[in-house]
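*Asks:* Questions regarding the structure given below will be posed in turn.
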Amino acid sequence: MIWSSVPGLLWGDDRPDACLLFSQSDASELLQATVSPGVVSKAVSPAGMSCRYFYKEDGGVFGVTVTHSTSATISEEGIYASAADVMMRQLRARKNSTYAASFLRTFSDLGEESFWDGTALWLRKHDHLVRIRPEPRVVGTFTDRAAADAAKRERSLALALAAGKVIVARLP
């Protein structure tokens, strides 16, 4: 898969911009569909900004949401101290839950630290925290709901990892 690049992403301050970090054309290429312009919203716990791209097909809505937080926005919120603190606590919580641990996968080649929680990829590079949550269209015939859910998780993980590689390269 070939990705478009956005050279020279600069943050004049510590405000995150998820739509700048992962563009509409990036999302279209990732999902192999024409997606909406980014829908921006404020994120909480951890504080930052989210950008959601979506498309409609066969009565369903599919897409990807990228949430970008910085240590500055996180500490201002007052729940966590930094991006590293969020990652440490989120990872510990998942390891301490039998159910959550069953979906947990960690990666050593994506930012300083990253993990998959079953629905989203969390990654950190320096003071930047990014959460990537794909909602892919999964086509096929499955023996039961569990098989369909597993197929969706695997497709979501593959998409999140592809997006994560693009995003990590753009983070300062």
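We did not get these values from a lab; they are worked out from the coordinates using the rules stated. Quick caveat: nothing in here was measured; it's all calculated off a predicted structure. Glycine also receives a Cβ, built like all others from the backbone with ideal geometry; neighbour counts cover every protein chain displayed.
*Asks:* Residues that are touching a Pro at 6+ places or on another chain (Cβ under 7 Å) and surrounded by 15 or more Cβ atoms within 10 Å (Cβ to Cβ), at least 2 per element: which strands (runs of 3 or more DSSP E) completely within segment 16-99 meet that? Show your work before the answer.
*Replies:* Values: elements: 39-43, 48-57, 60-70.
By residue number, 48-57, 60-70.
*Asks:* Considering every residue within segment 103-124, establish whether at least one is free of Cβ contacts under 8 Å to residues at least 60 places away in the same chain, out of contact with any Ser or Thr (no Cβ under 6 Å at 6 or more places or on another chain), within 22 Å of LEU20 (Cβ to Cβ) and hydroxyl-bearing (Ser, Thr, Tyr).
*Replies:* Filtering segment 103-124 for residues free of Cβ contacts under 8 Å to residues at least 60 places away in the same chain gives 103-110, 112-124.
Subsequent filtering for residues that are out of contact with any Ser or Thr (no Cβ under 6 Å at 6 or more places or on another chain) retains 103-106, 108-110, 112-114, 116-122, 124.
This time we only want the ones that are within 22 Å of LEU20 (Cβ to Cβ), so: 110, 112, 114, 120-122, 124.
Still in the list and also hydroxyl-bearing (Ser, Thr, Tyr): 114.
Scanning segment 103-124, I find at least one residue that is free of Cβ contacts under 8 Å to residues at least 60 places away in the same chain, out of contact with any Ser or Thr (no Cβ under 6 Å at 6 or more places or on another chain), within 22 Å of LEU20 (Cβ to Cβ) and hydroxyl-bearing (Ser, Thr, Tyr), so the answer is yes.
*Asks:* Looking only at residues that are in contact (Cβ under 8 Å) with a residue 24 or more places away in the chain and in contact with a helix residue (DSSP H, G or I) (Cβ under 7 Å, 6 or more places away or on another chain) in segment 141-172, which one is surrounded by the most Cβ atoms within 10 Å (Cβ to Cβ)?
*Replies:* Looking at the filtered set, the residue picked out is ALA163.
*Asks:* Let me ask something else. PHE103 is checked against (1) within 15 Å of the chain's Cα centre (by Cα); (2) closer than 21 Å to LEU157 by Cβ and fails just one. What number does that condition carry?
*Replies:* With respect to (1) within 15 Å of the chain's Cα centre (by Cα); (2) closer than 21 Å to LEU157 by Cβ, PHE103 is out only on (1).
*Asks:* Looking only at segment 104-134, how many residues end up being hydroxyl-bearing (Ser, Thr, Tyr) and part of a loop (DSSP other than H, G, I, E, B)?
*Replies:* The initial filter retains those residues of segment 104-134 that are hydroxyl-bearing (Ser, Thr, Tyr), namely 106, 108, 114, 119.
From what's left, part of a loop (DSSP other than H, G, I, E, B): 108, 119.
Count: 2.
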